[in-house]
Amino acid sequence: MNNEITEIVLKENGFEAFNSMQEEALKKDLFEKSLLIAAPTSSGKTMVAEMLALNTAMNKEGKTLYIAPLKALATEHYKEFKKKYEKYGLNAALSTGDLDSGSKYLSKYNVIFLTTEKLDSLLRHEAAWLEDTKLLIVDEIHELDSSRGPTLEIVIAKMMSINSSLQVLGLSATINNSDEIAEWLNAELVKSNYRPVKLSEGTYYDGLIYDKDYKKEEINEDGEPIDALIKFVLKKEKQMLCFVNSRKSTITLAEKLGKVVERKLSEEERKDLKKIANEALNVLESPTEQCRKLAGCVERGSAFHHAGLMPKQKELVEENFRNKKIKSISATPTLSMGINTPAYMVVVRDLHRFTAQGMQKIPVREYKQMVGRAGRTGFDEEGMGITIAKNEVQLDKIIEEFVDGKIENIESKLGAEPVLRMHLLGLIATDFVFNIQSMEDFFSKTFYAKQFGDLGSLMFKLQDILKQLEEFGFIEYTNERKKFKATTIGKRIAELYLDPVSGDKLIKSLQKNVSGFGLLYSLAELNEFAPWFNVGKRIEQDVFLELNEKANELAVDVMEVQYTDYNLLEKFYSAKVMNEWINEVREEKIINEYDVLPGILFNKSKILDWLAYSAIELAKLMEIKEMIRSYAVLRKRVLYGIKEELVELIELKGIGRVRARKLFNAGIKGITDVKKADVKDLGILIGNSVAFDIKKHLRQI
């Protein structure tokens, strides 16, 4: 055992000794061998990761890459690591954006926290410093069985191919077939049920909580189930986290819970919450109805959390739940993804969700992931994971299928053709794959091969994809078709992290010199923009008529593709929504008219920004100068939601779409006009502090 490393980690985490799970990991030759840890939330898996990262830097003089499925999770671990270990000479970096860079600056860091997609992008850019990686930490490795799974699987296989002696540490709270994954990683398995805070799982029915053995606990609170449970929690001076199956439900429930919570707040808590509510309200230049609803809930000590919130609002909710100022959160399941927001009680209200096949049961693994948030180390002696039954039949079913249910196996999702297409081009562009044999060799190292054994059907798909990539002009054969390699444009498509089908569509749009609405549609129709905005049955016919009216502006032949592209209407409708955004239609009007929430609008504008950048890069390669300018202007417009006339003003510090429009309408149409204007006059239009900051930025103060 490396005593210096273990002592540092214990000290920085405030413990005197390791727990049983960590002791078991140490017995497995932790510092030399690959390891897979399958243990509950809060069992101390992160401490094991920290030990290995320190050992890799101090004793092996190598790099550690820590990959997480979400930016928020990578950021959280980065901040914690930096705070604890920077004093020991370790330097950590966070890299979750810019998918078109080799990020050479990262070569000087010991420990780098990334998303899976960012690491894949670095591999596509053949970042030379990746060869110095000696430890790969994969957080939430059960994500192999998600939509992000194929990318994670390919990234792990690539990293193991680059360095055959690479040490891998996989971390997960919910793996049933952990032995199979450990075997794929050539790793020792640590499987533990240790939890520092006991988790009690049960189902609430008729005033009682039943555990899997039907032992009862009386709640002794009146009202509907949720009301009774929050009263029970508040009486203990604790917090509750409730998972529901839709964004709309999170808001309705948060408002309902707020009415109960506010009665229990002290005067000091009310003052603090008012300040937090004001921050949540004013994240955007013009607050939306959702902003007002969130602020109203927060002021009462409650909050909601879903993908439609702005990033800053999510951070405010998470941070103030952790510091115990917000007493309850209602959330969609994304909040269960490892982010540190534990509560005394976690209620999984909805055990079904709507899918394309109708209402479906959620996986047991997802249920366990959610209830695993219950129990706060250092604050609680136990955590409670609760479901709600409406009758005795449902009570029996929930206990059997969820509380006492068997977690599903992790299954490889690598066989899906769209992701195979993207990753195969990436592999060819970086010379991991250069002929049929090397293609088979690489895919034989994947979890798919480990799990299903026979690569026959996968190889058949891959050879079909090779034909498609050749038709697109993204690969070419050499040596009498015995070898293949990426063409210049094929390599660029791979570096830009585009689906080859999207790359081909963009190239065709560039060749046709699309403009106006067609320019925006050329981006919104791409797979990267999916899921597209839903077209309600009530307006389908109107949208179809609009599509035909604008058909001549689009690069696609509407008459030809309307029978083959089942998403054509949604793609057009999505471009129409984003066209409203770039023509300065108020956010609230877009939200109300198109049912698109601010956080979704923000995320979609970011995606369009990246796609517009990709179009510019392809236009440079194809030497189509007029399209470079067109997409460059569109980039600014989609990012800020502005008309073209505001592009120059938006570059100024502190100026968003609302302030830029105020300046323009007052005759201040560019930076030259801003320089000429008196700071007091600017202050009347956009606020004194912003005006002062702009003048200072322009070095006029």
Among the residues of the range 532-540, is there at least one that is closer than 30 Å to Leu119 by Cβ and touching a residue at least 60 places away in the same chain (Cβ under 8 Å)?
no
Hey, among Pro333, Pro342, which residue is under 26 Å from Leu144 (Cβ atoms), at pLDDT below 90 and surrounded by 20 or more Cβ atoms within 10 Å (Cβ to Cβ)?
Pro342
Restricting attention to the range 539-572, the residues that are polar (S, T, N, Q) and under 23 Å from Ser515 (Cβ atoms) number exactly 3
Please determine whether any residue of the range 31-42 is assigned to a loop (DSSP other than H, G, I, E, B), aliphatic (A, V, I, L, M) and over 30 Å from Leu335 (Cα atoms).
no
Options Lys695, Lys680: the member that is surrounded by fewer than 13 Cβ atoms within 10 Å (Cβ to Cβ), over 26 Å from the mean Cα position of the chain (by Cα) and over 23 Å from Ser509 (Cβ atoms):
Lys680
Among the listed residues Lys680, Lys669, Lys662, which satisfies the condition of being farther than 28 Å from Leu601 by Cα and without any contact (Cβ under 8 Å) to a residue 60 or more places away in the chain?
Lys680
Is it the case, given these coordinates, that Thr377 is within 23 Å of the chain's Cα centre (by Cα), outside the structural domain of Gly14 (by TED's automatic domain parsing) and more than 17 Å from Val260 (Cβ to Cβ)?
no
Exclusive hit being under 26 Å from the mean Cα position of the chain (by Cα) and over 22 Å from Leu639 (Cα atoms), set Arg492, Arg538
Arg492
Give me a count of the residues in the range 411-437 that are part of a helix (DSSP H, G or I) and either at pLDDT below 95 or under 29 Å from the mean Cα position of the chain (by Cα) (or both).
13
Pick from the range 236-251, criterion in contact (Cβ under 8 Å) with a residue 12 or more places away in the chain and more than 23 Å from the chain's Cα centre (by Cα), ranking: farthest from Lys327 (Cα to Cα)
Lys236
Residue, surrounded by the fewest Cβ atoms within 10 Å (Cβ to Cβ), within the range 415-473, restricted to residues that are among the aromatic types (Phe, Trp, Tyr) and either in the same structural domain as Ser161 (by TED's automatic domain parsing) or within 14 Å of Thr487 (Cα to Cα) (or both)
Phe434
Somewhere in the range 562-571, is a residue in a helix (DSSP H, G or I), exposed (fewer than 15 other Cβ atoms within 10 Å of the Cβ) and either out of contact with any helix residue (DSSP H, G or I) (no Cβ under 9 Å at 6 or more places or on another chain) or free of Cβ contacts under 8 Å to residues at least 24 places away in the same chain (or both)?
no
Among the candidates Val674, Val638, Val690, single out the residue that is in contact (Cβ under 8 Å) with a residue 12 or more places away in the chain, surrounded by 15 or more Cβ atoms within 10 Å (Cβ to Cβ) and touching a Ser or Thr at 6+ places or on another chain (Cβ under 7 Å).
Val638
Taking Asn323 and the conditions (1) polar (S, T, N, Q); (2) in contact (Cβ under 8 Å) with a residue 12 or more places away in the chain; (3) under 18 Å from Lys238 (Cβ atoms), which numbered condition does it fall short on, given that it satisfies the others?
(2)
Given the conditions (1) among the aliphatic types (A, V, I, L, M); (2) assigned to a helix (DSSP H, G or I); (3) at pLDDT 95 or above; (4) within 27 Å of Leu144 (Cβ to Cβ), every one holds for Ile67 apart from (2)
Does the range 120-134 contain at least one residue that is outside the structural domain of Ile339 (by TED's automatic domain parsing), touching a strand residue (DSSP E or B) at 6+ places or on another chain (Cβ under 7 Å), surrounded by 24 or more Cβ atoms within 10 Å (Cβ to Cβ) and farther than 16 Å from Ala182 by Cβ?
no
So which residues in the range 184-204 are surrounded by fewer than 19 Cβ atoms within 10 Å (Cβ to Cβ) and touching a Lys or Arg at 6+ places or on another chain (Cβ under 7 Å)?
Glu188
Looking at this structure, is Val585 crowded, with 16+ Cβ neighbours inside 10 Å and farther than 21 Å from Asn513 by Cβ?
no
Answer from Thr75, Thr6, Thr96, Thr46 - the residue that is surrounded by fewer than 23 Cβ atoms within 10 Å (Cβ to Cβ), among the polar types (S, T, N, Q) and over 30 Å from Ile407 (Cβ atoms):
Thr6
Given the condition at pLDDT 95 or above and of a type outside the set (D, E, K, R), answer yes or no: does some residue in the range 582-592 qualify?
yes
Among (1) in contact (Cβ under 8 Å) with a residue 24 or more places away in the chain; (2) over 22 Å from Pro500 (Cβ atoms), which single condition is Phe529 missing?
(2)
Quick check, is Leu199 closer than 30 Å to Glu401 by Cβ and in contact with a Ser or Thr (Cβ under 8 Å, 6 or more places away or on another chain)?
no
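The values are calculated or read from the model by the stated rules, or taken from the named source; none is laboratory data. Fair warning: this is a prediction, and the values are worked out from it, not measured in the lab. All Cβ positions, glycine included, derive from the backbone under ideal geometry; neighbour counts span all protein chains shown.
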